[in-house]
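Okay, structure first, notes after.
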Amino acid sequence: MNHAISVAPLDVVVLAAGKGTRMRSAHPKVLQPLGGEPMLAHVLRAVVALTPQQVHLVVGHGQAEVREWAASQGDMTGPVTWVEQTEQLGTGHAVRLSAKAWTPGSVVLVAYGDVPLITPATLASAAEAARSQVVIITAKVAEPSGYGRIVRDASGQVSAIVEHADATPAQQAIKEINTGVIAAPADWLGPWLDALQNDNPKGEYYLTDVIAMAVVEGRPVTGLCAADAAELEGVNDRVQLAKAERQLQSRRATALMRAGVTLADPARLDVRGGVQAGQDVSIDVGCILEGRVVLGNKVRIGPYCHLRDVELGDGAVIESHSVLEGVVTAAHVHVGPFARLRPGTRLATGAKVGNFVETKKAIVGAGSKINHLSYVGDAELGADVNVGAGTITCNYDGANKHLTRIGDRAFIGSNSALVAPVEIGADATIGAGSVIAKPAPAGQLTVSRSKQISLPGWQRPTPRKA
Ligand code: UD1
Ligand code: CA
């Protein structure tokens, strides 16, 4: 989505240097995962949608880890200018460090790395309005504890932001809070940041103190109260992280339903990536969809399935408790219940993989069936092959992996071990319980089990008398 705005040039500052003490984590707060990605990824995506001149990313605590993550993302993070804050002296100090790199005459928009659900539309509304005034995005919340409070004068104009720790009991009762989004002309903001003091209980340079400075100088300050407070909740601890996760999941579930997907219960689906779905797809409760998931028309996913990087053709049915990763299928395949399809599994039209079957790097031809209790790895199966229960491809010799090839319409008897590299010809039949280590010719029955014998007159031993 492009929310390119008309107040060019725009400089965005994203604050991500804090330790996140309240997370009690070894990792920097902005890398805590939300919907399968670091919180910071969400914020960066939202700000990049405004097509700013520059994004100044202020990092400090755990910055090596943040930079490593960013490097792994390629150019997803957009035009990022890194700003190093070695000591976390406060949000005002953090923004000030970016000031020398601002584009002359720009509007500066500040977003916090720990307010991850913010939308481009909300950010744009602040930036658009900030050409000749200071704009803060506020929200009315039931539980304002921990947030900076918005103090308004008798005429309703914003006069200051007072941090929770510094607020009087009367100010603590204020339900309108600072969300962290501030936008102002760079030419004003720079000198205010230079003038910040840290004479407060935390000994920090508060960005929020610039509001009172603006008021003293007679600069207009507008507090835009957001319609959806949930979008602007800060995440300081894992309780708030879990709350934000639910909020994000509810957004994603709603988007899927609006796009025509039936969800048995939108509160019992977790999407940790991107889902693209055709018409009349249905997803039962307890499913987790990760990475890139593409679902064709009429795909049906049963309860408690876990799909990661999966592409399913039209009419595919995945029964309950199946785990699929790195799988591509054609139309009308049937998988599970209790199937595990690992990376490199490719199912052609109408193929069936049943309960307690594991596949890996397995190409399964059209109409072929592996219905029960099998391991099929490093294998290529033709069309209409029937793999009996308990069949194992012995693909690993302790040092290397080898390929098993099975021709069209072959029938593999139950409990066979196919010792790779090995080839089973088209229309071949393998007798149950065989160990097949040499090629099995097309059209013939190949059996390698020991012959069955019966001993006439054999007596069962009886207990010795005392
Ligand atoms: C801040 C605001 C508060 C607001 C709340 C919204 C200030 C002084 N307070 O409080 O008014 O209601 O967010 O969620 O701005 N950071 C740095 N460098 C620093 C300090 C912080 O980069 O030196 C970053 C943090 O990593 C975080 C963000 O700035 O991403 C906010 O800092 P945090 O300490 O969480 O501020 P709050 O106490 O939540
Ligand atoms: Ca915070």
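The values are calculated or read from the model by the stated rules, or taken from the named source; none is laboratory data. Please read all numbers here as calculations on a predicted model, not as lab measurements. Note: ideal-geometry Cβ built from the backbone for every residue, glycine included; neighbour counts use all protein chains shown. Just so you know, the surface numbers come from the protein's heavy atoms only, side chains and all, with ligands and any DNA or RNA stripped out. Shrake-Rupley method; radii C 1.70, N 1.55, O 1.52, S 1.80 Å.
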| task | Output the number of residues of the stretch 337-374 satisfying the condition of being not in a loop (DSSP other than H, G, I, E, B) and not hydrophobic (A, V, I, L, M, F, W, C). | result | 13
| message | Could you check the stretch 322-336 and list, in sequence order, the residues that are polar (S, T, N, Q) and assigned to a strand (DSSP E or B)? | response | THR329
| So which strands (runs of 3 or more DSSP E) stay within the stretch 375-426 end to end and still have 1 or more residues that are hydrophobic (A, V, I, L, M, F, W, C) and surrounded by fewer than 23 Cβ atoms within 10 Å (Cβ to Cβ)? | 392-394, 417-419, 422-424
| Does PHE411 qualify as being aromatic (Phe, Trp, Tyr) and closer than 20 Å to SER434 by Cβ? | yes
| task | Report yes if VAL134 is more than 16 Å from ligand 2 (Cβ to nearest atom), under 12 Å from LEU224 (Cα atoms) and in contact (Cβ under 8 Å) with a residue 24 or more places away in the chain, otherwise no. | result | yes
| request: Mind telling me which of the residues ALA165, ALA127, ALA160 ends up being outside any loop (DSSP other than H, G, I, E, B) and either in contact with a Gly (Cβ under 6 Å, 6 or more places away or on another chain) or open to solvent by 30 Å² or more (accessible area, probe 1.4 Å) (or both)? | output: ALA165
| Hits in the stretch 176-195 - residues which are within 14 Å of ligand 2 (Cβ to nearest atom) and either free of Cβ contacts under 8 Å to residues at least 60 places away in the same chain or assigned to a helix (DSSP H, G or I) (or both) | ILE177, ASN178
| Out of the stretch 319-348, which residues are under 22 Å from the mean Cα position of the chain (by Cα), buried (at least 24 other Cβ atoms within 10 Å of the Cβ) and under 20 Å from VAL385 (Cα atoms)? | VAL327, LEU341
| field | Of all residues making up the stretch 364-392, the number that are hydroxyl-bearing (Ser, Thr, Tyr), under 34 Å from the mean Cα position of the chain (by Cα) and under 23 Å from ARG449 (Cβ atoms) | value | 2
| request: Can you give me the number of residues within the stretch 134-157 that are open to solvent by 10 Å² or more (accessible area, probe 1.4 Å) and under 18 Å from ARG219 (Cα atoms)? | output: 7
| One residue from VAL210, VAL221 being closer than 16 Å to VAL135 by Cα, within 14 Å of ligand 1 (Cβ to nearest atom) and open to solvent by less than 60 Å² (accessible area, probe 1.4 Å) | VAL210
| Residues being in contact with a helix residue (DSSP H, G or I) (Cβ under 6 Å, 6 or more places away or on another chain) and within 11 Å of ligand 1 (Cβ to nearest atom) - total across the stretch 33-55 | 2
| field | Number of the exception - ARG252 against (1) open to solvent by less than 70 Å² (accessible area, probe 1.4 Å); (2) in the same structural domain as PRO33 (by TED's automatic domain parsing); (3) of a type in the set (Lys, Arg) | value | (2)
| Would it be correct to say that GLY35 is farther than 25 Å from ASP187 by Cα, open to solvent by less than 20 Å² (accessible area, probe 1.4 Å) and modelled with pLDDT under 95? | no
| task | Collect the residues in the stretch 69-115 that are out of contact with any Pro (no Cβ under 9 Å at 6 or more places or on another chain) and more than 23 Å from TYR205 (Cα to Cα), keeping them in residue-number order. | result | ALA70, ALA71, SER72, GLN73, GLY74, ASP75, MET76, THR77, VAL80
| Within the stretch 349-373, which residues are open to solvent by less than 70 Å² (accessible area, probe 1.4 Å) and of a type in the set (D, E, K, R)? | GLU358, LYS360
| said: Which of the numbered conditions does VAL108 fail, given that it passes all the others? Conditions: (1) on the phi < 0 side of the Ramachandran plot; (2) open to solvent by 20 Å² or more (accessible area, probe 1.4 Å); (3) more than 14 Å from ligand 1 (Cβ to nearest atom); (4) touching a residue at least 60 places away in the same chain (Cβ under 8 Å). | reply: (2)
| query | How do the helices (runs of 4 or more DSSP H) wholly within the stretch 15-122 filter down when requiring 3 or more residues that are within 14 Å of ligand 2 (Cβ to nearest atom) and aliphatic (A, V, I, L, M): which remain? | reply | 39-48
| request: Look through ASN236, ASN200 and report the one residue that is open to solvent by less than 60 Å² (accessible area, probe 1.4 Å) and modelled with pLDDT under 95. | output: ASN200
| field | Residue check for THR86: exposed (fewer than 15 other Cβ atoms within 10 Å of the Cβ) and touching a residue at least 24 places away in the same chain (Cβ under 8 Å) | value | yes
